[in-house]
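K.L.:
Here it is: the structure, laid out below.
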Amino acid sequence: ASVVQIGTFSSVSFTVLASGRPQHSRSPRPVLLKSRREMPVDMNGYWKMISNENFEEYMKALDVNVAIRKIALLLKPDKDIVHDGDHLIIKTLSTFKNYNMDFYVGKEFEEDLLGVDDRKCMTTINWEGDKLVCVQKGEIEGRGWTQWVEGDELHLELRAKGAVCKQVFKKT
C-alpha cells in the first residue's frame, strides 16, 4: 500500500495509507488529536497598550496612594506573554515598575502583589470559553481580571470593589 505523510505533531509523524486509513509512527491504533482545552486561544506575544479606561478608579479601589496613581496614569505598560500548555508567564513592563505573573491554569497560588498594591492574595486563573478569568481572594472584595484576544488585540478587564478598568493592547 502506498503511504503519504500528512504532517508531524509533537514528534509523531502522521501518515495516510492509500486506503485512506490514518496511521502514525508510534502505535498501530488510530490517534485522535485532542484540543488543548487549557489554552483555547494563543496569547503568546508582545503587546503594546493602546487604551486604558477607568484606571484611576480601579487604583483608588485598591487604595493605591495618590502619588503612585499619578505616575501610573502616565504610563503605557506593555505585556509580554509566553504560554506552554497550561503554564503562563505574563510580564507587565513599564519604565516605572515591572510585574511578573508565573502560573498554571486551574491551580491556586499565593500571589505577592508587591509593587502593585503591596498585598498578598490567593489567586486562581481558569479558562472560561476563550477568556482567562482570574479570581484574587484577599483584602479587596471582588478583585480579579478577565483577559481575551480579539484579532490582533488583547483585552484586559481589571476589577476591584466594583471598579472596572478596561485596557486594550495591540500585538507587535
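The values are calculated or read from the model by the stated rules, or taken from the named source; none is laboratory data. All values reported here derive from a predicted model rather than from experimental measurement. As a convention, Cβ positions derive from the backbone with ideal geometry for all residues, glycine included, and neighbour counts pool all protein chains shown. All accessible areas refer to the heavy atoms of the entire protein, side chains included, with ligands and DNA or RNA removed. Shrake-Rupley method; radii C 1.70, N 1.55, O 1.52, S 1.80 Å.
K.L.:
Please identify which residues in segment 40-81 have an amide N closer than 15 Å to a label point set 7 Å out from the Cα of Asp152, following the Cα→Cβ vector.
P.N.:
Under cut-off, by backbone N: 45-50.
K.L.:
Just how large is the dipole of segment 52-172 about the Cα centre, in debye to the nearest 20, putting +1 at every Lys and Arg Cβ and -1 at every Asp and Glu Cβ?
P.N.:
Dipole of segment 52-172, to the nearest 20 debye: 400 debye.
K.L.:
Roll a 1.4 angstrom probe over the protein heavy atoms and tell me the percent of accessible area of segment 69-172 that is carbon or sulfur. Walk me through the numbers on the way to the answer.
P.N.:
Working: 2760 of 5550 Å².
Answer for segment 69-172: carbon and sulfur cover 50 percent of the accessible area.
K.L.:
Whole-Hz ³J(HN,Hα) for each residue in segment 143-153, computed from phi via Karplus 6.51 cos²θ - 1.76 cosθ + 1.60 with θ = phi - 60°, x for glycine and proline: what do you get?
P.N.:
8, x, 7, 10, 9, 8, 10, 10, x, 9, 10
K.L.:
On a full-extension model of 0.36 nm per residue, what is the gain between Glu57 and Val133, subtracting their alpha-carbon distance, rounded to one decimal in nm? Numbers along the way, then the final one.
P.N.:
Working: separation 76, 0.36 × 76 = 27.36 nm, distance 2.06 nm.
Stretched out fully, the Glu57 to Val133 stretch lengthens by 25.3 nm.
K.L.:
For labels at Ile68 and Asp112 in the simple 7 Å Cα→Cβ model, what's the distance in nm?
P.N.:
In this crude spin-label approximation the distance works out to 1.5 nm.
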